[in-house]
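Beneath this line is the structure, given in structure tokens, with notes to follow.
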Amino acid sequence: MIPASFEYLRPNTIPEAIAMLQQHGDAAKILSGGQSLIPMMKLRLARPVILIDINRISGLSHIKEEGGYLKIGGLTREAELETSPLVRSKYPILADTSHVIADPQVRNLATVGGNLAHGDPANDHPATMLALGAQVVANGPKGERVIPIENFFLSLFTTALKADEILTEIRVPIPPTQSGGAYLKLERKVGDFATAAVAVQMTVDEQGACRKIGIALTNVGATPVKSKKAEDFLRGKKLDDAALAQAAQLAADEAEPSADLRGPVEYKKGLVKELAKRALLLARERAGK
Ligand SMILES: Cc1cc2nc3c(=O)[nH]c(=O)nc-3n(C[C@H](O)[C@H](O)[C@H](O)COP(=O)(O)OP(=O)(O)OC[C@H]3O[C@@H](n4cnc5c(N)ncnc54)[C@H](O)[C@@H]3O)c2cc1C
């Protein structure tokens, strides 16, 4: 339970942090909330030689609407997202998500940027950001680049971030009126990672038909799963209960869970179907239709 020894660096600016990453290459790791990295170091699953603590860099922690996006700073804590009046009123899917991550102590430190950068398919924000069609902003030696979330998760614990890049911001398109979202998760006990979870974000037109839809699944694949067949099925359709039930079945078909201590494959697929149905119903209710 004691990590291998490491050197600790604490930059004050983003350029300083990037220079450190460039200098130390694969030997270095960014430290944000430390709620995934430190346990992995204690278990010796990660052995960075250098830790670059970005917590003193200003301008990385914010939640604000600007230029058509909800902008979430990479260092924004889960607890800040969970309690933000703006998020609670306009982005309930994000409040749902933060609320079911770990426990209050972890949420006080864990960051939204770290949750995505870690690339763990059991983490909760990846599916939610996929459903929301978010963008990830990465800063590196060549400046800033914007990565669509659909291109961000490459494989287990691997993202599109380069070794010398820092995730500085997440951008969520501001939803039009008559939009609603929900994130529903089943965990074995409070604070656990998901057995499975489903994120849904939708926009409904005046007739109650689906204008825009995002559906994504947590912990049922090597990366978060975007449920494209269910989305294609619902787009343009009237969102009645039968259509939602059919979409939930399609989402379950797209899940690729592994059997483990949390249950066999059939159970997890059944769970996705039920959670998807409930998340779709709740999202529809929140969209006002
Ligand atoms: C008991 C416990 C229960 C948990 N349960 C859940 C859960 O139910 N759901 C869930 O989603 N998570 C859960 N977590 C994980 C938690 O949410 C983590 O904090 C999160 O996954 C990582 O965020 P962090 O800020 O702590 O990142 P860190 O641990 O500091 O870093 C994680 C990884 O991301 C990299 N990184 C971090 N920030 C950046 C950045 N800005 N730019 C580039 N790379 C970066 C680091 O180098 C490291 O490789 C749990 C953690 C604990 C300890």
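Sorted ascending by nearby beta carbons within 10 Å, beginning with the fewest, Thr203, Thr13, Thr111, Thr177 become Thr177, Thr13, Thr203, Thr111.
Largest GNM mean-square fluctuation among Ile50, Ile170, Ile30, using the chain with Cα springs under 10 Å: Ile50. Relative to the longest principal axis of the Cα atoms of the chain, the long axis of helix 241-254 lies at roughly 40 degrees.
Computed packing ranks the peptides 146-154, 92-100 as 92-100, 146-154, most packed first, by mean other Cβ atoms within 10 Å.
Extension gain, Ser89 to Ala4: 0.36 nm times the residue separation minus the Cα-Cα distance gives 26.2 nm.
For a straight C-alpha distance cut-off of 19 angstrom, the aspartates and glutamates reachable from Lys71 (same-chain residues fewer than eight places away being disregarded) are Glu80, Glu82, Asp96, Asp124, Glu144, Glu150, Glu165, Glu169.
Here's the list of lysines a cross-link from Lys228 could span, going by alpha-carbon distance under 21 Å and ignoring same-chain residues fewer than 8 apart: Lys185, Lys212, Lys237, Lys238, Lys268, Lys269, Lys273, Lys277. Going from the fewest other Cβ atoms within 10 Å to the most, the residues Arg211, Arg145 appear in the order Arg145, Arg211.
By the beta-carbon count within 10 Å of each Cβ, the least crowded to most crowded order of His118, His62, fewest first, is His62, His118. For the chain, the longest principal axis of the C-alpha atoms and the axis of helix 14-24 are separated by about 70°.
Output the 0 to 90 degree angle, nearest 10, between the alpha-carbon long axis of helix 265-287 and the longest principal axis computed from the alpha carbons of the chain. Around 80 degrees separate the two axes.
Give the separation of the Cα centroids, region 12-86 to region 232-289, in Å. Centre-to-centre distance over Cα atoms comes out at 33 Å. The slack between Asp26 and Asp205, meaning 0.36 nm per residue of separation minus the straight C-alpha distance, is 59.6 nm.
Laboratory data are not the source of any read-out in this text; all were calculated from the coordinates shown. What you see is a predicted model; the values in this text were computed from it and never measured. With ideal geometry, Cβ positions are generated from the backbone for all residues, glycine too; neighbour counts draw on all protein chains shown.
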